[in-house]
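Novice: Sharing a structure here in structure tokens format.
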Amino acid sequence: MLCEAVRACTKASSTLLKLLLEHTDAGILTELMDDVMWDHWARTGGVAPTGRLGEAAITLSTVQYLLVPGWAQDLHHYQDRMDRLLAAPTAPGARASTAP
């Protein structure tokens, strides 16, 4: 379970960073912010910087993943949302037509 938690938290962190750096569309940021995980995770350590601060952020996320009821499921839901945003076309009208 620990390895699964570390992998999930590391993947989510890198996906969030990629979205924030490479997709500057305001609609993407709005969609990310509309999810409960924005406040529970993304704003408070979702992006893990390089080095010890990053290790601490992943450790905190891992503890939450393992101990907070529902947190792991919420993170997996958020990961799915981020994956869809990464895969969506970047044209303004194109993403709206592919949204679930």
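The values are calculated or read from the model by the stated rules, or taken from the named source; none is laboratory data. Keep in mind the model is a prediction, meaning the values are calculated, not measured. Cβ: placed from backbone, ideal geometry, glycine included. Neighbour counts: every protein chain shown. To get the accessible areas, we keep the full protein, side chains included, count just its heavy atoms, and leave off ligands, DNA and RNA. Shrake-Rupley method; radii C 1.70, N 1.55, O 1.52, S 1.80 Å.
Novice: Looking at (1) over 11 Å from the mean Cα position of the chain (by Cα); (2) at pLDDT 90 or above; (3) open to solvent by less than 70 Å² (accessible area, probe 1.4 Å), can you tell me which one M1 breaks?
Specialist: Against the list (1) over 11 Å from the mean Cα position of the chain (by Cα); (2) at pLDDT 90 or above; (3) open to solvent by less than 70 Å² (accessible area, probe 1.4 Å), M1 comes up short only on (3).
Novice: Among the numbered conditions (1) aliphatic (A, V, I, L, M); (2) modelled with pLDDT of 95 or more; (3) touching a Pro at 6+ places or on another chain (Cβ under 9 Å), tell me where A57 comes up short.
Specialist: Of the numbered conditions (1) aliphatic (A, V, I, L, M); (2) modelled with pLDDT of 95 or more; (3) touching a Pro at 6+ places or on another chain (Cβ under 9 Å), the odd one out for A57 is (2).
Novice: While we're on this one: List every residue pair whose Cβ atoms lie under 6 Å apart, where the two residues are 6 or more positions apart in sequence or sit on different chains, the first residue falls within the stretch 28-57 and is under 14 Å from Q79 (Cβ atoms), and the second residue, located anywhere, is surrounded by 11 or more Cβ atoms within 10 Å (Cβ to Cβ) and of a type in the set (D, E).
Specialist: Listed pairs, sorted by first residue: M37/D74.
Novice: For residues that are in a helix (DSSP H, G or I) and open to solvent by less than 70 Å² (accessible area, probe 1.4 Å), tally how many sit in the stretch 37-47.
Specialist: 6
Novice: Now for a separate question. Would you please list the contacts, defined by Cβ atoms under 6 Å and residues six or more apart or on different chains, that run from a residue in the stretch 68-82 that is modelled with pLDDT of 95 or more to a residue that is surrounded by fewer than 17 Cβ atoms within 10 Å (Cβ to Cβ) and not in a helix (DSSP H, G or I)?
Specialist: Here the result reads Y78/D35, each pair linking the stretch 68-82 to a residue that is surrounded by fewer than 17 Cβ atoms within 10 Å (Cβ to Cβ) and not in a helix (DSSP H, G or I).
Novice: Answer yes or no: is there a residue in the stretch 67-77 that is charged (D, E, K, R), part of a helix (DSSP H, G or I) and surrounded by fewer than 16 Cβ atoms within 10 Å (Cβ to Cβ).
Specialist: No, every residue in the stretch 67-77 fails to be charged (D, E, K, R), part of a helix (DSSP H, G or I) and surrounded by fewer than 16 Cβ atoms within 10 Å (Cβ to Cβ).
Novice: In the set T30, T24, T50, which member is assigned to a helix (DSSP H, G or I), of a type outside the set (D, E) and open to solvent by 50 Å² or more (accessible area, probe 1.4 Å)?
Specialist: Answer to the selection: T30.
Novice: Please count how many residues of the stretch 11-21 are surrounded by 14 or more Cβ atoms within 10 Å (Cβ to Cβ), of a type in the set (A, V, I, L, M, F, W, C) and either over 18 Å from I58 (Cα atoms) or touching a Leu at 6+ places or on another chain (Cβ under 9 Å) (or both).
Specialist: Within the stretch 11-21, residues that are surrounded by 14 or more Cβ atoms within 10 Å (Cβ to Cβ), of a type in the set (A, V, I, L, M, F, W, C) and either over 18 Å from I58 (Cα atoms) or touching a Leu at 6+ places or on another chain (Cβ under 9 Å) (or both) number 4.
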